[in-house]
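Input: a single structure, listed below in structure tokens.
The values are calculated or read from the model by the stated rules, or taken from the named source; none is laboratory data. A quick note: this is a predicted structure, and the numbers were derived from the prediction, not measured. Glycine also receives a Cβ, built like all others from the backbone with ideal geometry; neighbour counts cover every protein chain displayed. For the accessible areas, the whole protein counts, side chains as well, though only heavy atoms, and no ligand, DNA or RNA atoms are used. Shrake-Rupley method; radii C 1.70, N 1.55, O 1.52, S 1.80 Å.
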Amino acid sequence: MLLKIIDRLEEVIIASLMAVATIVIFVAVIHRYGSGVAIPGVQDWLLAKDLSWAQEFCIILFVWMAKFGAAYGVRTGIHVGVDLLINHLKGKRRAFMVQLGLICGVLFTGVIGIFGASFVWENGMAYEVLTALGRDVGEHFEGPTTPDLEWPTWIVYSAVPIGSFLMCFRFLQVMVKFARTGELPSHDHGHVDGIEEGEVTEVGEAIEIAEQREHAHAGMSDGEWRKTHPKPDDEKTRGGK
Amino acid sequence: MSALIIFGLLLVLMAIGMPVGVALGLTVLTFMFSFTDTPIASVALKMFSGIEKFEIMAIPFFILAGNFLTHGGVARRMIAFATAMVGHLTGGLGMSAVLACALFAAVSGSSPATVVAIGSILIPAMIKQGFPLRFAAGTVASAGGLGILIPPSIVMVMYAVTTNSSVGALFMAGVIPGILLALVLGATTWWQARKGNYPRLPAASWRERWQAFRKAVWGLMLIVVVMGGIYSGLFTPTEAAAMSAVYAFFIAVFVYRDLTFKQVPKVLLDSANMASMLLFIIASAVLFSFILTSEQIPQDIAAWIVDMGLGSVGFLIVVNVLLLLAGNIMEPSSIILILAPILFPVAVALGIDPVHFGIIITVNMEIGMITPPVGLNLFVAGGVTRAGLTEMSIAVLPWLYAMLGYLIFITYVPEVSIWLPRTLGMM
């Protein structure tokens with residue numbers, strides 16, 4: 001149950017970050033040109049709005065999306081490597097190599113998560129937390145802020161530890177599932193919506209119709225046919241106008 | 001020495017089959033931990049700051065724009081337009097397949113998706129008309145890769161970001177080579193069809209062509225939004241990408257009505273998934289190139305190659321062979337992210353134009369899409385036709401040879417690539 005909530009939350013977060021980033025840049029561009037147009041009232045209102053923070057905000061949104069999305073990607077199996085050698089192996093050997101690869105994934109994301117967490121702690125979080133608790137901050141200093149939005153960088157950078165730990169957890173999940181079922185998640189790079197199985201007959205029919213028309217025109221192309229058979233037929237085959 | 005350790009480590013880790021991003025990251029961690037005194041904790045910060053560039057953010061936006069238009073409905077419109085324009089020529093549906101692939105690939109930005117979207121409609125239609133399976137599948141698989149040369153191209157953004165080149169100049173530089181390659185593939189198709197005496201379609205009237213164009217043009221305008229916006233200076237490349245995403249959303253939902261509002265979150269999620277995967281590799285690749293630079297490896301390799309007296313002609317041969325080999329086992333983004341930082345300084349030292357070099361790499365990547373064993377287009381075309389990888393590899397051979405010939409042409413005639421951006425004053 002809790003897992004399902006995390007899964008869903010992960011999906012909602014990354015999809016929303018994508019949407020918000022797009023809207024922010026769109027609005028910033030419209031604003032830039034909109035405020036140059038002299039519409040009384042509207043122009044002043046637009047000029048009063050300062051959107052210079054849009055780029056920085058977009059970068060932050062996308063980095064957060066990237067960190068959570070990378071974890072989601074482990075679940076959907078989109079991270080691929082060079083699987084040439086592995087695919088030549090069979091049975092236990094292959095299973096061993098796959099697990100080895102996954103362990104490396106756990107190791108890397110885990111290490112980055114720990115480093116990231118300590119970096120975030122040292123660069124402002126410690127100061128913030130200790131001050132809030134009314135304790136002595138000791139050697140900890142107030143962290144820097146971002147240039148435009150002036151947000152504390154430790155909050156912004158916390159995407160790295162949070163995302164990495166989540167990714168680490170996803171790798172562990174895949175390991176367990178692989179050990180149990182021997183299945184790995186895999187991403188279909190060639191998936192396209194709106195292509196159904198029925199499509200084939202539909203196109204086939206279209207071509208049959210084209211062929212029939214060609215026969216009806218005694219093997220001539222439409223252009224040739226019209227030269228020799230003016231108006232009446234033209235209207236009939238094309239359904240008027 | 002450190003170069004050998006780094007690349008040896010990377011090769012071993014990649015051979016195990018772990019994701020490319022993890023292999024790159026672990027190589028850096030292991031090397032830093034064992035051989036340097038650099039504070040290893042700074043690695044975590046680099047995972048963030050490595051992708052903290054506004055230029056990189058063009059990638060998620062372009063993916064989103066492409067995904068909005070990666071739909072069977074858009075493919076059908078492109079096919080209808082292409083068939084109306086070139087279906088009556090020798091090669092018939094084969095020619096429309098090349099044109100439809102070029103158009104759809106440029107808009108969707110994904111080669112495998114192009115092969116599936118165009119292939120699952122046109123390949124059965126071609127077989128039904130009496131084309132051999134090999135010809136049908138070969139045309140679509142080879143033309144499906146055109147998207148990475150015709151702007152907007154994510155692979156080019158990757159190159160631009162890795163080498164600090166101009167995205168706008170690269171996009172503009174891709175226009176003529178992209179159209180030329182489409183013509184080369186079309187000519188190969190034409191020649192094959194003439195030998196085999198394959199069927200053609202009756203010619204469409206200009207009115208039908210206009211009708212088909214009117215339906216396809218909304219999708220094609222995406223290219224105009226991006227290129228026009230960047231060239232006129234209205235938008236930066238990243239802004240152009242964001243605008244094209246909004247445009248694509250508008251067209252897909254309100255004009256084409258292929259998508260309903262309910263499906264939009266799914267498109268967002270899929271795009272975010274894809275973009276995050278690429279950003280993960282980029283973050284690790286930035287780490288990797290950071291360690292390469294701090295060990296002076298690109299400079300050493302540059303000096304070594306310049307000393308060998310290969311000259312730019314010999315160097316470009318080496319580059320092409322290396323990239324083609326890499327293209328056999330890895331996918332385009334990883335190759336560019338790993339190899340561009342190493343090859344680029346050498347190219348600059350030898351006086352090769354950065355933009356021209358980018359186009360050479362892109363054409364190489366395109367060929368890599370149809371060379372076994374990892375040519376993604378071969379796999380998906382095999383999936384569409386239910387043919388095996390060997391069968392598909394044979395099927396694309398005529399087009400593969402044509403592309404290799406074209407690669408030599410592009411490599412040694414830089415004017416083809418740099419004339420347009422130079423004339424437009426973009427470089």
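A few points about this structure:
- Against the conditions (1) part of a helix (DSSP H, G or I); (2) open to solvent by 10 Å² or more (accessible area, probe 1.4 Å), B:L292 satisfies every one except (2).
- Looking at region B:324-427, the helices (runs of 4 or more DSSP H) lying wholly inside it that each contain 3 or more residues that are more than 14 Å from chain A (Cβ to nearest Cβ) sit at B:332-349, B:354-368, B:389-395, B:397-412, B:415-423.
- Pick from region B:360-398, criterion within 17 Å of A:L84 (Cβ to Cβ) and among the hydroxyl-bearing types (S, T, Y), ranking: surrounded by the fewest Cβ atoms within 10 Å (Cβ to Cβ): B:T390
- With respect to (1) within 27 Å of B:I118 (Cβ to Cβ); (2) not in a helix (DSSP H, G or I), the lone exception for B:G309 is condition (1).
- Selection from region B:209-223 of residues that are within 14 Å of chain A (Cβ to nearest Cβ) and surrounded by fewer than 17 Cβ atoms within 10 Å (Cβ to Cβ): B:R209, B:W210, B:Q211
- Within region A:157-169, the presence of at least one residue that is touching a residue at least 12 places away in the same chain (Cβ under 8 Å), part of a loop (DSSP other than H, G, I, E, B) and either at negative phi or not charged (D, E, K, R) (or both) is confirmed.
- Selection count, region A:127-156, where residues are open to solvent by 40 Å² or more (accessible area, probe 1.4 Å) and assigned to a helix (DSSP H, G or I): 7
- Test for A:I78: is it buried (at least 23 other Cβ atoms within 10 Å of the Cβ) and not small (G, A, S): yes
- Any chance B:L201 is open to solvent by 20 Å² or more (accessible area, probe 1.4 Å) and facing chain A (nearest Cβ under 9 Å): yes
- Qualifying residue in region A:76-84 (condition: more than 7 Å from every other protein chain (Cβ to nearest Cβ), in a helix (DSSP H, G or I) and out of contact with any Ser or Thr (no Cβ under 6 Å at 6 or more places or on another chain)): no
- Among the residues of region A:29-65, those that are surrounded by 16 or more Cβ atoms within 10 Å (Cβ to Cβ) and in contact (Cβ under 8 Å) with a residue 40 or more places away in the chain comprise A:W53, A:Q55, A:E56, A:F57, A:I60, A:L61, A:F62, A:V63, A:W64, A:M65.
- The condition of being within 11 Å of another protein chain (Cβ to nearest Cβ), modelled with pLDDT of 95 or more and out of contact with any strand residue (DSSP E or B) (no Cβ under 9 Å at 6 or more places or on another chain) does not hold for B:F54.
- B:I123 being touching a Cys at 6+ places or on another chain (Cβ under 9 Å), of a type in the set (A, V, I, L, M, F, W, C) and surrounded by 24 or more Cβ atoms within 10 Å (Cβ to Cβ): no
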